[in-house]
Amino acid sequence: MQMSSAGPTFVKLSQWAASRTDLFSAQLCLELGKLHDNNSTHSPDYSKRVVAEAFGVDSLESVFEVWNDVPMGAGAVAQVHSARLLPEFIEAHRDQLRKTKGPAIAAREADLLLKNPGVAIKVLHPGVEKSIRRDLRIMKWGAHLLSLLPGMKWLSLPEEVAIFGEMMESQVDLRVEGSNTQRFTANFDARPGISFPHPYMSLSSSKVLVESYCDGVPLRAFLDINRHTPFDRMLGSRGLDAFLHMLIQDNFVHADLHPGNIMVELNPPYAATPLDRFVEDFYDMSPFNKYRRRQNDGPLPSSSEAHEHVRRILSDYGEGRIAYGEKNERISRYMDYLYASGFTSSIVFLDCGLVTSLDDSNRRNFIDLFESVCTFNGRRAGHLMIDRCLTPELVIDPEVFVLRIQDTILRVRKVSLQLSKLTFSEIFNPVMNAVRIHHVRLAPDFINIIMAMFILEGIGRRLDPESDILRVALPMLRTWLKEDAKNELSLQHPASTAAAASRRWNLYKVWLYVEFREYFDRVRNWGYDDAEFFGEFSPYVSI
C-alpha cells in the first residue's frame, strides 16, 4: 500500500479511516487497518538530544543510571524508551520543585521517583509537527475538491478533515497525553484493579513525556493462547466495567484501547490488615502461608519475577526457540500455578493521548441512544439516529432506515447483549451499512466510542464470553438518570423529571428481565417463549 510511505500523518489518517465503518466499506477499512503496525523509529541519538534539551543538561549521564537505546515501542508520531533515573538527580529535582511547587508537591513526586526510579520516556519523531501541518493543508484541499462531486456532500469531508486535524495537533503536544493520564488516574482512584502510569509533568515538555515505568505482562499473552487461564474472567470483567465507567459515568473515554495499550499486573498475596499479619506471624494460618505449603516450591515469586518469567516464554517463542503449542502450554501451566498460589490480576491502561469526551448535547444523544438499545426499543433508536445526526435533511428513505434498525435491535433482544451469544459485528455491521446507504451522518465522537466498543468486545469475548454488557451497563445508566433527574429538578423541570423516572422504571424492568433470563438459562433451557413466560417483564411486550 503506497500510503505506508507517505509519512506519519497519512499513516495516522489510515488508522483513523480504518475506524470509520460508517463512511467506508468494511473491505477498505480492513485494508487500511494493516497500517497500524507500520511505524518506523528514529535514531536513539536524536532521542537523547531532545531529552537532554528538555531536562536542561549537556549529557544524560548526569540524569540516568540506565538508558535503553532500543525503543520499547513506536507509533506514528513518537517512540518510547525505558530508563532509570539517578538518585542524585531525583534529590536535585526535589530541591528544585520545593522552590517552584512547594514542599508538599516536591516531597510527593520525589518519593514516587525514589520508590520507582524506572521511567518510560516518550519522544516525538523529528520534524513531525512540520510534516503534519503540510499534510493537513493537502488534505483540506483534497477534501474540498471531493466534496464538489455528486453524492459526496453528505460525507462533509472538509469538516471530517478539520476534526482529524484537531486530533493530530493534540498528538504532537505530549503534555496533553500527560494531562489525560492524570485525569484518568483521578477518575479511577477509588476503583481497584485499574491503574495508569504516573506522568511526571515537571520533567515533561511538548516533545518529551516522562511517566512511571509500568511492569507487567502484555494483554496479548492472555489473548493469543488457545485456552483460558484462571485470570481471564476477572480481567474481562474489570475491563468491561472500566470502559463503561469511562463512557457513562466519567464521560472521558480512552479512544485507543487496542491490546497493545493494555498490560496485566500479576500481584502476589500479602497480609492486608494488622489482623492478617497477626495470624500470619503467630498462628501460621494465613492464606499466604497455606499457599506456600501447598505449592512446596520455596518462596513465591515477586510480581516482577512473575512478569519476567512470562516475558521469557514470549521471547523464546518470538525467537523460534519453542513452538506455538509449547508456548501456550507453558504460559497456561504457569498461570495455573500463580492463581493457585493466591496471585491476583489487575489492568494497566497505557497511551492516553487519544480520548473522547462528549459535550452536553452529544452526551445526551448518546445516552438516549444507548438506553434505547438497552431497552430494545429499536424504533426509537432509529428515529433518534436520524433526528440527531449532523445532516438530517440529507437522509434517504428515513422510514426504511428505522425499520432496518428496529430489525437489528429485535435480534439483539433475544440474547440481551451476552457476548457468548452475540458479536458486536452482528449489531453494528448492519447498522453501519444502513448508515452509509441512507446517508445518516453520525457525530465523529459517536463513531470513536462505537469503535472502542468493537475492540473491547473482541477482548471481552476472548477473556470472558459469558459476560453480559447489559448487566454492567444498566446500574450505571440508572445512576446517571437519577443524577440527571436531580439536575432537572433543581432547574424546576418537572416534566423532564417525570420522563427520567419513567425511563428508570423501563431500565429496572429490563434489568429484572436479564436477571431472570440468566438464572433460568443457568438452570435449564425451559423452552418457553420470553413474552409468554416473563409476561410484563419481557421488553418485547411492555417496553
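The values are calculated or read from the model by the stated rules, or taken from the named source; none is laboratory data. Note that the structure is a prediction, hence the values are computed from the model and not measured. Note: ideal-geometry Cβ built from the backbone for every residue, glycine included; neighbour counts use all protein chains shown. All accessible areas refer to the heavy atoms of the entire protein, side chains included, with ligands and DNA or RNA removed. Shrake-Rupley method; radii C 1.70, N 1.55, O 1.52, S 1.80 Å.
A few notes on this one:
- Residues satisfying the stated conditions in the stretch 96-114, i.e. closer than 24 Å to K207 by Cα and in a helix (DSSP H, G or I): Q96, L97, T100, I105, A106, E109, A110, L112, L113
Every residue, every condition in (1) closer than 18 Å to D336 by Cβ; (2) open to solvent by 70 Å² or more (accessible area, probe 1.4 Å); (3) at pLDDT below 85, yes or no:
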site	(1), (2), (3)
L209	no, no, no
M234	yes, yes, no
N267	yes, no, no
P287	yes, yes, yes
N296	yes, yes, yes
P299	no, yes, yes
D316	no, no, no
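- Residue within the stretch 152-159 that is touching a Lys or Arg at 6+ places or on another chain (Cβ under 9 Å), farther than 26 Å from I262 by Cβ, at pLDDT below 90 and of a type in the set (D, E) present: no
- Yes/no for A104 being among the aliphatic types (A, V, I, L, M) and at pLDDT 80 or above: yes
- Scanning the stretch 115-124 for any residue that is part of a helix (DSSP H, G or I), more than 30 Å from C389 (Cα to Cα) and open to solvent by less than 20 Å² (accessible area, probe 1.4 Å) turns up nothing.
- Sole residue being aliphatic (A, V, I, L, M) and assigned to a strand (DSSP E or B), chosen from V348, V310: V348
- The set of residues from the stretch 351-385 being assigned to a helix (DSSP H, G or I) and of a type in the set (G, A, S) comprises S361, S372, G378, A381, G382.
- Residue list for the stretch 61-81, filter: surrounded by 17 or more Cβ atoms within 10 Å (Cβ to Cβ) and farther than 11 Å from K122 by Cβ: V63, F64, W67, A76
- Which listed residue, of R330, R364, R413, is basic (K, R) and free of Cβ contacts under 8 Å to residues at least 12 places away in the same chain: R364
- The stretch 377-397, subset within 17 Å of N365 (Cβ to Cβ) and in contact with a His (Cβ under 8 Å, 6 or more places away or on another chain), residue surrounded by the fewest Cβ atoms within 10 Å (Cβ to Cβ): T391
- When residues of the stretch 214-228 are limited to those that are surrounded by fewer than 19 Cβ atoms within 10 Å (Cβ to Cβ) and more than 17 Å from the chain's Cα centre (by Cα), the one nearest to L124 (Cα to Cα): D215
- T185 fulfils the conditions (1) open to solvent by 40 Å² or more (accessible area, probe 1.4 Å); (2) farther than 30 Å from S237 by Cβ; (3) of a type in the set (V, I, T) except for a single criterion, (2).
- Checked across the stretch 178-187, the condition of being of a type in the set (S, T, N, Q), closer than 19 Å to V264 by Cα and not in a loop (DSSP other than H, G, I, E, B) holds for at least one residue.
- The one condition in (1) hydrophobic (A, V, I, L, M, F, W, C); (2) at pLDDT below 60; (3) within 13 Å of the chain's Cα centre (by Cα) that V253 fails to fulfil: (2)
- Test: L146 is of a type in the set (A, V, I, L, M) and either open to solvent by 70 Å² or more (accessible area, probe 1.4 Å) or in contact with a Lys or Arg (Cβ under 6 Å, 6 or more places away or on another chain) (or both): yes
- When the stretch 359-376 is filtered for residues that are of a type outside the set (S, T, N, Q) and open to solvent by 50 Å² or more (accessible area, probe 1.4 Å), the ones remaining, listed by number, are D359, D360, R364.
- Answer residue from the stretch 326-345, given it is of a type in the set (S, T, N, Q) and surrounded by fewer than 19 Cβ atoms within 10 Å (Cβ to Cβ) and is nearest to A74 (Cα to Cα) among those: N328
- Lone unmet requirement of (1) in contact with a helix residue (DSSP H, G or I) (Cβ under 9 Å, 6 or more places away or on another chain); (2) surrounded by 13 or more Cβ atoms within 10 Å (Cβ to Cβ) for P103: (2)
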